[in-house]
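First up is the structure itself, then whatever we jot down about it.
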Number of protein chains: 4
Amino acid sequence: MVSSSFGTLFRVSTFGESHGVGVGVTVDGCPPRLALDMDAVQADLDRRRPGQSRLVTQRAEGDVVEVLSGLYEGRTTGTPIAMLVRNADQNSGAYDHLKDVYRPSHADFTYDAKYGFRDHRGGGRSSARETIGRVAAGAIARQLLAASSGVEVLGWVSQVHDIDATVDPTTVTLDDVEADPTRCPDPDAAAAMTAAIEQARRDGDSLGGVVTVVARNVPAGLGEPVFDKLDADLAKAMMSLPASKGFEVGSGFAGTRMTGLAHNDPFVPGPDGPMTATNRSGGVQGGISNGADIVCRVAFKPTGTIASEQRTVTTDGVATTLAARGRHDPCVLPRAVPLVEAMMLLTLADHLLRQRAIDLLP
Amino acid sequence: MVSSSFGTLFRVSTFGESHGVGVGVTVDGCPPRLALDMDAVQADLDRRRPGQSRLVTQRAEGDVVEVLSGLYEGRTTGTPIAMLVRNADQNSGAYDHLKDVYRPSHADFTYDAKYGFRDHRGGGRSSARETIGRVAAGAIARQLLAASSGVEVLGWVSQVHDIDATVDPTTVTLDDVEADPTRCPDPDAAAAMTAAIEQARRDGDSLGGVVTVVARNVPAGLGEPVFDKLDADLAKAMMSLPASKGFEVGSGFAGTRMTGLAHNDPFVPGPDGPMTATNRSGGVQGGISNGADIVCRVAFKPTGTIASEQRTVTTDGVATTLAARGRHDPCVLPRAVPLVEAMMLLTLADHLLRQRAIDLLP
Amino acid sequence: MVSSSFGTLFRVSTFGESHGVGVGVTVDGCPPRLALDMDAVQADLDRRRPGQSRLVTQRAEGDVVEVLSGLYEGRTTGTPIAMLVRNADQNSGAYDHLKDVYRPSHADFTYDAKYGFRDHRGGGRSSARETIGRVAAGAIARQLLAASSGVEVLGWVSQVHDIDATVDPTTVTLDDVEADPTRCPDPDAAAAMTAAIEQARRDGDSLGGVVTVVARNVPAGLGEPVFDKLDADLAKAMMSLPASKGFEVGSGFAGTRMTGLAHNDPFVPGPDGPMTATNRSGGVQGGISNGADIVCRVAFKPTGTIASEQRTVTTDGVATTLAARGRHDPCVLPRAVPLVEAMMLLTLADHLLRQRAIDLLP
Amino acid sequence: MVSSSFGTLFRVSTFGESHGVGVGVTVDGCPPRLALDMDAVQADLDRRRPGQSRLVTQRAEGDVVEVLSGLYEGRTTGTPIAMLVRNADQNSGAYDHLKDVYRPSHADFTYDAKYGFRDHRGGGRSSARETIGRVAAGAIARQLLAASSGVEVLGWVSQVHDIDATVDPTTVTLDDVEADPTRCPDPDAAAAMTAAIEQARRDGDSLGGVVTVVARNVPAGLGEPVFDKLDADLAKAMMSLPASKGFEVGSGFAGTRMTGLAHNDPFVPGPDGPMTATNRSGGVQGGISNGADIVCRVAFKPTGTIASEQRTVTTDGVATTLAARGRHDPCVLPRAVPLVEAMMLLTLADHLLRQRAIDLLP
C-alpha cells in the first residue's frame, strides 16, 4: 500500500534504502517560477549529515544532492522536482550478523511481520537515511514559504535525557542554535548535554530528548477544520520521524494541569487585528493558525542501537543476545533538528497551497 | 479545500453543524457482508452524549442515528454507509451575544480568518457535535475489527487536572471504565476527579486531563513505513479531536528521560513467535504494529468555555469582556473517551484494509 | 475500497440506493461565501427527473433536495455541503422476480462477483438514481464557475440510434435544447428521434445515442500535464456515467482519419492573445485548456432493460429467459444531458481550484 | 498542483523532462516478494524506443533503465521502486528556434498559460519521453498481474488514417503484433499502413489512427461502482497519453447505432459460472469486470509536428509561420502500442489490489 508520500498539494515522496543505489525524493506541486537556491538545499542537507562533530556518528558521507528534473534555468517549472543522493558507504558485509536476528526496538521484526521479507542492511527502508529526501524537500518548502509569506522555521534541542534547556522561542536565532554541536541554544544546558552524551557513549548506552520548533510569520487561516487540522497534520508529520514517541503543540501535556481561566489566551487589539496576549494555544486554535508563533515539541526516545549486550531472539524465534558493532550515535537529537524543521516546513507549505485554493471568491 | 475525511481505504467523512439540520457521516470502503448491530452503534453514541451525569453538560439530546444507505437486510453492501443524526436543540438565539465577539481559545477568530465568514451558533462546524459522526463510524469499525481480527479498543480517563489515576492497561475492562461517570477506572482517583470537577463548576472554571487508550489483539504488521506509520496516523487522528494538545505512544515524553539500555524492549520467544518482554514501544516499532498492546495517551486542554469573565475583542477588534452563559462542561474528559476510542478504531480499520492489499502474493 | 468520490479539491461523494431511505451527496471543498441559489439546484434536478414527457419513464418522483449542512444565511461556509433526496416510490416487491436472475448487460452479475451479495431492488447502488447527487453537486459547481469565471456548460442530444443532428456547438443555447423533450436542438432530427423512440417502445426494444457538451469561457491553463489532464479527467467523468461506452474530445475518432496538416489548429493573433483559428483540439492541448470552447461527445449504449424476452441465467447458473416488466425508458439520452453537464461542471470546478493553488508566486 | 501520479494502491509517479538529466518513475504499493525480471522491463522499454524501424523517428537512444530502490536480491521489498533513464541526446540548441513561437496543436501555449513559464526544449515535461516511466512501471504491473492472476494484456494498431485492419481480439498474439514494424497484425493492412506512412513522410505530413488493446483472464469483480468504474479509470488512463483524442470500451460509439435487443450480451451457463455469449460490453458491466476479455480502443490524432509550413504566432502574439526541422515520426501509432498496454496494466494492477482490500470477510 502506498506509504511514502506526504502532503496533498505540496506532495513529497521519498524512495531509497540505506544500502541500495541511493535515496531520493520527488516534490510534486511546487508552484512554478520559484528561483531555487540549490546551495541552500545542500546546506540543509549538510546540517542533517552525520560526522559533523564528535557528538554524532562519524560515518563519512558526502550526501551531495543531484537534481534530476523540475528546474529550468534555476527556476521551478511547476512539474515534479526529483532529487537523488547516491549512497557512498556500501559495506553491506558489516550487517551480515544482523541478517538472522531482530534488533530490539528497531523495525526488523515488524518489517518481517509486514512484508515476509526485508533488507537487513542498515535498516533498509527504515534507515534514517530515508530522511535525506525529507530535508531536501523541506529546504524547497523553506524557500517557497519565505518567498510567498515570509514564514521562517527554526528548531533546537530543548532537552537531552534529564537536562532541560531554557530557551525563549520568540527570540532564539539560527546562530544561537548552530553555535554548539548539540544544537541547544542554552550554553549551560549544551555543556551538560555534551557531557551526558559522551558518558553514554562510554557506557555503551544512548540518550533521548526533545526538539522544540517554532514557525514565525505564519498567516492566520492555515489548517482545515475537522480532520486535517494544522496541528493534527503537524502531529502526523513529526510522529512519522524515526524514533519519535510524542508530540505537543502549545501548552501540550503541561497545559492539562492548568485551569481554563489560567490557560485561555485572551484576545487583545493588535496592530493588524486581534491577537492573543499569551500563546498557550501554540499558534493554532480549532486546528487553524491564528497568526501567533506555532510552537511544537517532539519527543525522541533514546537510540535503539547500543553497544551494550541486550536480550533478543533470532528470526527463528530462538533467544540470543546482541551488541551493536561499529560507531553509532549515542544521541540523535542534534541531527533530529533539521528533520523536525523539514516536517514543519512541508506541512506549512502544503496548507499554504490548500488555503490558496479556498480563497477564490471575493 | 477538502477537510472532512479521514482514512484511505476505510474512509470516513463527516458533515454538519451544531445548529443546522443535523450532523452525519459517510463510511466508504467498509467491506461487504458485515452483519451490523445498529444497537451497538447507538450504544457508542449514547456514551458520547451529553447529559449522562451531573458531571457533564445537561443539554438534552436524543442523538438517534438514522442509516440512510449502505445496508441491506442488516448487512453492509460494500457501498457507502451514510448516517444522520438530526439536531433537536435549536435555540439559536442563545448565541446572539457571540455573533460579534471572539471567544478566547475557540475557533471563532480562526474561522473568520480562514473563511471570511462563519456560523457563530454553537461553534458551527467546530462544535463538538461534529464528533457524533466519528463515533458512529468508529462503532462500525469496532464491529469490523472484532469480526475479522478480534481487535478490541478501550479508553479511560487517566488524569484530570493534577489527579493521576493508577490503571493497568493490560487488564482494565469496559466495566471498570463505565463503573464511574468520570470514566476513570481507579475509584480513588475517580472520587477526587469528581470533587475537582464540581469545584471547577462552582468556580466558573474548567479542567483538562488525559485519556489513555489501549488496543488489544492487533495483528503484527499494521502500519506503513515512512509517512503513514501507524503511530503517526494515530497522532493525527487524536490531534484532530477538539481540545487535544498532545499525543504519546508507549513511553512517550517520559521515555526521553530513560537511557537506551533501560528503554529498549527485549525480544523473547513467545507462543506465536517473537514478542517483547516489555512494552515501552507501545505496540509500534518503526511505525508498524508488533503484536503487543497499542497504548496511547491524549492530552486535552481545559475547556475554553467558562462562566468567569475573560478579556477578548470584538470582531471589529475592540477590547471587551465575555463570560459564558448557560450550562457547559467544566471538564470534557469523560465524554472524550468514546472519541479517542473512535479515532483508534478508525485508524486500525484503515490500516487493516491497507495491509490486506499488500498480502497478495504467496 | 473507496468508490464514491470524485475530484480532489472540489470533492463530491454520493451515497444511497434506489430502494433505501434516499440518495444524496456531500460537496467538500466548495469555497466559502458563494451565495447559493437552491432553486437553480432544484431546477437542474428537475431536468434529470423521470416523467417529464411521454418519451421517458413515467415513474412519479418529487426528488426534492434537502440541504443538511454547509450553508449559513444562504451562503456556503466552506465546510461540507450535504444534500439528501428521499426515495418516494418504494414498491420493492416489484423486483422480487429479479432476485435470483441476472439481467443481461446490467450490473447484477458483476456486483455479485465483487461483493458476494447485492441489493437486487431497482439496481441498488447501480441505479441511475445515484446520479441525483451528481446533478445536485454539479448545480453548485455551475454557480461557482459562473460567479468566479463566467464559465457556462451546455449539453444536448446529438444522435439517437442512426439519426444524427446538425448543431453548431458555438451558438446553440439552452432554450434551443429545452425546446423539445428529446433535448435535441435540431428540430428535424428531434422529430425523427421522437418517432424512433416511440417505435422502440412499441417494439419492446431500446435505443442508444450520443450527447455532445460544450464548455464556454473556460480560462486557458486548466488541467494538469501527465495523468490529470483535463480531457483525461473529463473522460473518466463521462465514462463513470451509467451506460456510457465511449468518449471523444475535439476531433475524436474522426480526427484519426485526417492528416496532421489538415488537423492542426493554427494559432492566430486574438484580442486577448493567441487563439486557434479552428478547434479540432476541442479546447484542450497537452491536457490543458487553451481558452477555446471545450467540446466532448459521450456515447450511451441502448438501455439494457427491454420488454422483449432475452436469454440469461439464474444466480445458480441455470439458463432461463427474462422480459422486463413495468415502464422503462426506451432511450435515456434526453435525461443523460444533465448528467453529462454535471460531470463537465464538476471536472471544471475541480481544476479551477487546482489551478488556483498553482498561481501562488508573482 | 500534484499532477504526475496515477493509481491509488499501485501508485505510479513519473518525473523528468525531455532535455533534463533524465526521466523516471516511482512505483509505490507494489506488493513484496515479487521476483522481478528486469530484462523483461527493459524489453518493454525497447518496444517503446524510437529508432526501431524506418517507420519511426531515428533518434538514437539507449534508454537503459537503472533501478534506484525497492529491490533486494531480485525481489520487490514492498517499498517504493524508483527507476531512472538518463537522457542521452542533449542537443538543446536544436530547439532554439522554438523558444519564442507556439507550435500548433502542441502544449507550448497551454504550458505558458498555466505556468507563466516553460522549458521549450523538446517539449519539456510534455515530451513523449515522459512515457518511459509509464512503460517501465507497466512492465512491473505486467509481472504482478501474471504472477497473481494470469492476466495478459496485448495491444496492436488497428487503424492508420483510413486503413482499417481486421483482427480477432480473442486470438491475436504478441508474435502476430511484433511480426511487422507497424504493430498491425493484419498483414495486408500493415503493408498499406507502411505505404501510407512513407507517403506522409515524403509529404511533410503526418497520420493518426487507433490502437486496440485486450486484457485476458481478468477476474470478475474488478472495478468500483460509481466513479472509479474500471472503464472510467481506463478512459482516464488512455486519455492521459499524449495525442489521444478518444476512448471506447466494447461496442463504443458503434454500439449507439444498435438496438438494445441486438446489443445486450445474453448470459449463458459457463464452466466456471455465468458468462456472456457475446462481448459488446467489452468485459465491463456496471463498471466492474465480468470475466470476459476487456477490449478498448484509443484514438490518436495525427502527430502535430510536421515538416510542412504552418501558420502560428510568436509568444508575443505576432503571426508567423513554422516548419518542423529534423526527423519526426510521421505516425506514432506503432510506438503507442506499448503505451496503451502500460496504461491498461497499471489500471488493472491498481484495481486488483483494491479488490483485495474488499475481500476481507468470509
Working out 0.36 nm times the residue gap between A:Asp175 and A:Val268, then minus their Cα-Cα distance, what length gain in nm do you get to one decimal? 30.3 nm
With chain A treated as a Gaussian network of Cα nodes joined by springs under 10 Å, which of A:Ala192, A:Ala215, A:Ala137 yields the largest mean-square fluctuation? A:Ala192
Which residue fluctuates most in the GNM of chain A (Cα springs below 10 Å): A:Val157, A:Val211, A:Val101? A:Val101
Using a label point 7 angstrom from Cα along Cα-to-C-beta, what distances in nm, from shortest up, separate B:Asp162 from the other copies? 2.3, 9.2, 9.4
If Lys and Arg each add +1 and Asp and Glu each add -1, what is the summed charge of the other residues whose beta carbon sits under 11 Å from the beta carbon of D:Ala299? +2
Which order do peptides C:335-343, D:71-79 fall in by mean Cβ count within 10 Å, highest first? C:335-343, D:71-79
Fully extended, how many nm does the chain gain between B:Glu73 and B:Asp203 (0.36 nm per residue separation, minus their Cα-Cα distance)? 41.6 nm
Shielding score for A:348-354, defined as the mean number of other chain Cβ atoms within 10 Å: 3
What FRET efficiency comes out for the pair D:Ala43/A:Val64, r = Cβ-Cβ distance, R0 = 22 Å, nearest 0.05? 0.05
Exposure proxy check: C:Lys99, A:Lys229 ranked by fewest other beta carbons within 10 Å? C:Lys99, A:Lys229
In debye, nearest 20: dipole of the protein assembly as shown around its Cα centre with unit charges on the Cβ of K, R (+) and D, E (-)? 0 debye
One decimal, nm, shortest first: give the distances between the label point of C:Gly74 and those of the same position in the other copies, each label point 7 Å from Cα along Cα→Cβ. 5.0, 5.4, 7.3
Sum -39500 (n - 2.57) across every DSSP H segment of at least 4 residues in chain A, then divide by the residue count to get the 222 nm mean residue ellipticity, nearest 500. -8500 deg cm²/dmol
Between A:His97 and A:Arg216, Cβ-based FRET efficiency (R0 30 Å, step 0.05) works out to 0.05
At each listed q (0.14, 0.15 Å⁻¹), what is the log10 of I(q)/I(0) that the Debye formula gives for segment B:105-191 modelled as equal alpha-carbon point scatterers? -0.77, -0.82
If you wrap chain B's Cα atoms in a convex hull and average its projection over all directions, what's the area in nm²? 20.0 nm²
Under the rule of at least 5 residues apart or a separate chain, name every residue whose amide H is placed under 5 Å from the amide H of C:Gly270. C:Met275
Entries in B:Lys229/D:Lys245; B:Lys236/C:Lys114; D:Lys99/D:Lys245; B:Lys99/B:Lys301; B:Lys114/C:Lys236; A:Lys114/A:Lys245 that, when Cα-Cα distance is taken, lie over 30 Å: B:Lys229/D:Lys245; B:Lys236/C:Lys114; B:Lys114/C:Lys236
Between the label point of C:Asp203 and that of the same position in each other copy, find the distances and list them shortest first in nm, with every label point placed 7 Å from Cα along the Cα-to-C-beta direction. 3.9, 8.5, 9.0
With the Cα gyration tensor of segment A:310-362 in hand, convert its eigenvalues to equivalent ellipsoid semi-axes via √(5λ) and list them largest first in whole Å. 47, 17, 6
Per the Kirkwood treatment, what hydrodynamic radius in Å, one decimal, follows for segment C:173-286 from the mean inverse distance over all distinct Cα pairs? 17.2 Å
Rg to Rh quotient for segment C:234-362, alpha carbon positions, Kirkwood Rh: 1.15
nm² value of the averaged projected area, convex hull over the Cα atoms of the protein assembly as shown: 48.0 nm²
In whole Hz, the Karplus estimates of ³J(HN,Hα) for segment B:133-139 (6.51, -1.76, 1.60; θ = phi - 60°; x where Gly or Pro) are x, 5, 5, 4, 5, x, 5
Separation of the D:Ala35 and D:Arg311 label points, Cα + 7 Å toward Cβ, nm: 6.3 nm
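Computed from the coordinates by the stated procedures, all read-outs in this text should not be read as laboratory data. Just so we're clear, the structure is a prediction, and the values are computed from it rather than from any experiment. Ideal geometry is used to build each Cβ from the backbone, glycine not excepted, and the neighbour counts take in all protein chains shown.
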